[in-house]
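Structure first, commentary second.
The values are calculated or read from the model by the stated rules, or taken from the named source; none is laboratory data. These figures come from a predicted structure and were not determined experimentally. All Cβ positions, glycine included, derive from the backbone under ideal geometry; neighbour counts span all protein chains shown. For accessibility, only protein heavy atoms count, side chains too; no ligands or nucleic acids. Shrake-Rupley method; radii C 1.70, N 1.55, O 1.52, S 1.80 Å.
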Amino acid sequence: ALVDAATASFQSVIRGVGDPEPHATVWTTTTRTAERDGFVDRITIANGGRTAVAPRIELHLGSDLASLAGVRAGEVFPAIEARPSGTRTLVWSGSEGRMAVAVADPEPSRLGDGLVAWDLELEPGASRSFTLHVRSGAPSEERAVAASGRFPLAIRYGDPDRQRHLDRSISDLDALRLRIDGQEVVAAGAPWY
């Protein structure tokens, strides 16, 4: 579900873990927030069952560092091997650029070869969250940066449904604002054509 112009939330159930019932008692919620140079994923695992669970959570990550222009042109980009940088970061580097995934909290029990893993113990009713920061960068590429401040427009309706739609529209327009060479522009959308 879209939360706002920069945030989406995804929910999944984990079958085969938790109480032996027809419906799943363990689930995940992932909230992804776009930022100007990447995104942040906050992943929450919750145990809604009556018994403790000890799942191993594994994220398999990969990148080919493909440029959008190359993808549109039909180029094929081979996968690039990730290299660990410390105990919390995986880095992909190549001629097309660089990408890093940093685990903010908690520290993973395993990190390497494109894998981030945690061994959990969740009591009934408990949950754990993990935060990953994904950052990209292309060397020698000048970037547009997000304009600062909120979009300078405020309209108030007495009707809550219209107000919700209007607030969302203003938020979407605000997300398209960029500052390029010191001037503010409204982009046509990512990747800013």
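Would you please name the residue that is nearest to Leu122 (Cα to Cα), looking only at residues in region 1-50 that are open to solvent by 60 Å² or more (accessible area, probe 1.4 Å), in contact (Cβ under 8 Å) with a residue 24 or more places away in the chain and in a loop (DSSP other than H, G, I, E, B)?
Out of the qualifying residues, it is Arg50.
How about region 83-103: which of its residues are among the hydroxyl-bearing types (Ser, Thr, Tyr) and open to solvent by less than 70 Å² (accessible area, probe 1.4 Å)? Break it down into steps so the answer makes sense when it comes.
To start, the set of residues in region 83-103 that are among the hydroxyl-bearing types (Ser, Thr, Tyr) comprises 85, 87, 89, 93, 95.
Hits for region 83-103 are Ser85, Thr89, Ser93.
May I ask you to verify whether Ile80 is touching a residue at least 12 places away in the same chain (Cβ under 8 Å), within 25 Å of His133 (Cβ to Cβ), surrounded by 15 or more Cβ atoms within 10 Å (Cβ to Cβ) and touching a Leu at 6+ places or on another chain (Cβ under 9 Å)?
Numbers: touching a residue at least 12 places away in the same chain (Cβ under 8 Å): yes; within 25 Å of His133 (Cβ to Cβ): yes; surrounded by 15 or more Cβ atoms within 10 Å (Cβ to Cβ): yes; touching a Leu at 6+ places or on another chain (Cβ under 9 Å): yes.
Spelling it out, Ile80 is indeed touching a residue at least 12 places away in the same chain (Cβ under 8 Å), within 25 Å of His133 (Cβ to Cβ), surrounded by 15 or more Cβ atoms within 10 Å (Cβ to Cβ) and touching a Leu at 6+ places or on another chain (Cβ under 9 Å).
I'd like the full set of residues that are of a type in the set (D, E, K, R) and modelled with pLDDT of 80 or more, limited to region 129-167.
Applying the first criterion (of a type in the set (D, E, K, R)) to region 129-167 yields 135, 141-143, 150, 156, 159, 161-162, 164, 167.
If the condition is that a residue be of a type in the set (D, E, K, R) and modelled with pLDDT of 80 or more, then Arg135, Arg156, Asp159, Asp161, Arg162, Arg164, Asp167 are the ones that fit.
Of the residues Ala117, Ala79, Ala126, which single one is modelled with pLDDT under 90, of a type in the set (A, V, I, L, M) and more than 23 Å from Glu35 (Cα to Cα)?
Working: Ala117 fails: modelled with pLDDT under 90; Ala126 fails: modelled with pLDDT under 90.
Answer to the check: Ala79.
Consider only pairs whose beta carbons are under 7 Å apart and that are at least six residues apart or on different chains; among these, list those whose first residue lies in region 158-177 and is small (Gly, Ala, Ser) and whose second residue is surrounded by 15 or more Cβ atoms within 10 Å (Cβ to Cβ).
Listed pairs, sorted by first residue: Ser171/Ala5; Ala175/Ala5; Ala175/Ala6.
Just give me the residues in region 83-109 being without any contact (Cβ under 8 Å) to a residue 12 or more places away in the chain and either in a strand (DSSP E or B) or in contact with a His (Cβ under 8 Å, 6 or more places away or on another chain) (or both), in sequence order.
Arg83, Val91, listed by residue number.
Just checking, how many residues over region 51-77 are among the polar types (S, T, N, Q) and either within 21 Å of the chain's Cα centre (by Cα) or open to solvent by 80 Å² or more (accessible area, probe 1.4 Å) (or both)?
So in region 51-77, the residues among the polar types (S, T, N, Q) come out as 51, 63, 67.
Then drop every residue that is not either within 21 Å of the chain's Cα centre (by Cα) or open to solvent by 80 Å² or more (accessible area, probe 1.4 Å) (or both), which leaves 63, 67.
Qualifying residue count for the region: 2.
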